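The values are calculated or read from the model by the stated rules, or taken from the named source; none is laboratory data. All values reported here derive from a predicted model rather than from experimental measurement. Cβ placement follows ideal geometry from the backbone for every residue including glycine, while neighbour counts extend to all protein chains displayed.
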Amino acid sequence: MKTIALHSVHEALNAKMVPFAGYIMPVQYEGVNIEHKTVREGVGVFDVSHMGEFIIEGPKALELIQSISSNDASKLTIGKAQYSCLPNDTGGIVDDLIIYKIKEESYLLVVNASNIEKDWDWIVYKNSIGAELINRSDDYSLLAIQGPKAVAAMQSLSSEDLSEIDFYNFKISDFAGVKDVIISATGYTGSGGFEIYCKNCEVKQIWESVFEAGNSHGIKPIGLAARDTLRLEMGYCLYGNDINDETSPIEAGLGWVTKFSKSFTNSDSLEIQKQKGTERCLIGFELLERGIPRKDYRIEDSVGNEIGIVTSGTMAPSLGKGIGLGYVLSDFKTVGSDIRIVIRKHNVPAKVVKLPFYKK
C-alpha cells in the first residue's frame, strides 16, 4: 500500500485510515453525516492525492487525446477542463477522467487512483503516433476544497479573484505562498469549490494555510466516505461501481461526453448504441419506505421479475431517504416508474427519479 504525502497529518487528526485503491487514505474524521453537512453548508477539505496525473504534450498530443477519449478535446482552450471517458475496444470504459489544457500542445489528464497503471498502459498502447507521455502521479498532491463558502474562505490565499474562475475552468497561479499551483473550479460534490494541484513537497504548507484561512468559516477535513455520499446525491458515476470495463458510456448516461463529431476508440459501435438505444441503462431511484440500498442488490419490477442491479446506494444525508443508482432494462428507465429493491429478502418499493437527487 502506498501512502500520500500528508499521511502523518491525517493520523494526527485521528482520521480513520483504510486501504483504498492501493493507498492508505482517510475515510472519515468526525463522522460521515457531519462531514457531509459541512461540505453542503460550509467548506471542507478532502485529500485526494491518490488520484493519477498524466502529461500528454507535443505536436501529436491533441491527436492522441482525440483518438482515445470520448469527448471533443479540440473544444478546449488554455485554462479550461473537460470531463470525458476512455472507451475500450469492446464497448466498455477503461476509466473516466478530467482533461486540462495547460498550454498549447500540453494537457493534463487526471485519472482514478485504482486505474493509474491500467490507464497508463492503455494510453501507451494506443500511442502509435509518438505523443510525449509523462506519468506524474507519484509527484503531485491534490486537495479538494469544497462547499459554498470555499471562495470566501480561500480568497486571502491567492492574488487571483477566485470568484471569477468559472466551473470547469482553472488558473495556474499563486496559492498559499506557493507559485504555479493549479487552482481548478472542479470537484465531485456538487457544492462548488476548488481542486488544488501541487507538488508533494508543497502540500503541507498549503494544507496548513488552507485551515488557517478557513478557520473563521468553520473549515474541516473531510474523508472519502462523505465524498461518496456527496457524489451519489448528485448522481455522479463512480468507476468500479456505476461504470467499468463492461458498461458503455451510452448505457451509463454519458452520451453528453460522447461526441461523434470525431473518430475515437470504438466510436462506430457507440454511435449505433446512441441511435438505436441500449438494452439496459443507468437510472437513479429513491426508496419509498425505510431502507438502505447497497451495491449488487437486485432490482425487480412490481411483480417480482428481476430487471436489474444496484451499483451504488446510501442513506442520503441531505435528503433523509435511501437513494441509489443501478442498471435496469430500458423499459423501466422512465422517471416515475415503480420498481422494487430487494433488501434482505424484502422487496422495498422505490421509484425512478430524475438526477441529481440533491438540488440546491
Applying the selection to region 163-185, what residues are within 21 Å of the chain's Cα centre (by Cα) and among the polar types (S, T, N, Q)? ASN169, SER184
If you go through region 274-287, how many residues are surrounded by fewer than 19 Cβ atoms within 10 Å (Cβ to Cβ) and out of contact with any helix residue (DSSP H, G or I) (no Cβ under 9 Å at 6 or more places or on another chain)? 3
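Could you list all residues from region 41-64 that are touching a residue at least 60 places away in the same chain (Cβ under 8 Å), under 23 Å from PHE260 (Cα atoms) and assigned to a helix (DSSP H, G or I)?
Within region 41-64, ALA61, GLU63, LEU64 meet the criteria.
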Out of everything in region 302-316 that is more than 21 Å from ARG290 (Cβ to Cβ) and in a loop (DSSP other than H, G, I, E, B), what residue ends up being modelled with the lowest pLDDT? VAL303
Can you name the condition, by its number, that TYR236 falls short on among (1) touching a Phe, Trp or Tyr at 6+ places or on another chain (Cβ under 7 Å); (2) within 18 Å of LEU329 (Cα to Cα)? (2)
Going through ALA61, ALA131, ALA144, ALA113 one at a time, which residue ends up being outside the structural domain of VAL9 (by TED's automatic domain parsing) and within 30 Å of ALA176 (Cα to Cα)? ALA113
Which pairs have Cβ atoms under 9 Å, sit 6 or more apart or on different chains, and link a residue in region 208-226 that is among the hydroxyl-bearing types (Ser, Thr, Tyr) to one that is surrounded by fewer than 23 Cβ atoms within 10 Å (Cβ to Cβ)? SER209/ALA176; SER209/GLY177; SER209/VAL178
Residue check, LEU133 against (1) assigned to a strand (DSSP E or B); (2) under 18 Å from the mean Cα position of the chain (by Cα), all met but one. Which one? (2)
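This table checks each residue for (1) at pLDDT 95 or above; (2) over 14 Å from the mean Cα position of the chain (by Cα); (3) among the aliphatic types (A, V, I, L, M).
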{"position": "GLY187", "(1), (2), (3)": "yes, no, no"}
{"position": "GLY192", "(1), (2), (3)": "yes, no, no"}
{"position": "VAL203", "(1), (2), (3)": "yes, yes, yes"}
{"position": "SER209", "(1), (2), (3)": "yes, yes, no"}
{"position": "SER216", "(1), (2), (3)": "yes, yes, no"}
{"position": "GLU251", "(1), (2), (3)": "yes, yes, no"}
{"position": "THR258", "(1), (2), (3)": "yes, yes, no"}
Count, please, the residues in region 136-152 that happen to be assigned to a loop (DSSP other than H, G, I, E, B), crowded, with 21+ Cβ neighbours inside 10 Å and either without any contact (Cβ under 8 Å) to a residue 12 or more places away in the chain or at negative phi (or both). 1
Pairs returned, first residue in region 1-21 that is on the phi < 0 side of the Ramachandran plot, second residue that is β-branched (Val, Ile, Thr) and in a helix (DSSP H, G or I), beta-carbon separation under 8 angstrom, 6 or more apart or interchain, are ALA5/VAL203; LEU6/VAL203
Subset of region 153-186 [part of a strand (DSSP E or B), free of Cβ contacts under 8 Å to residues at least 24 places away in the same chain and of a type outside the set (Asp, Glu)]: SER173, LYS179
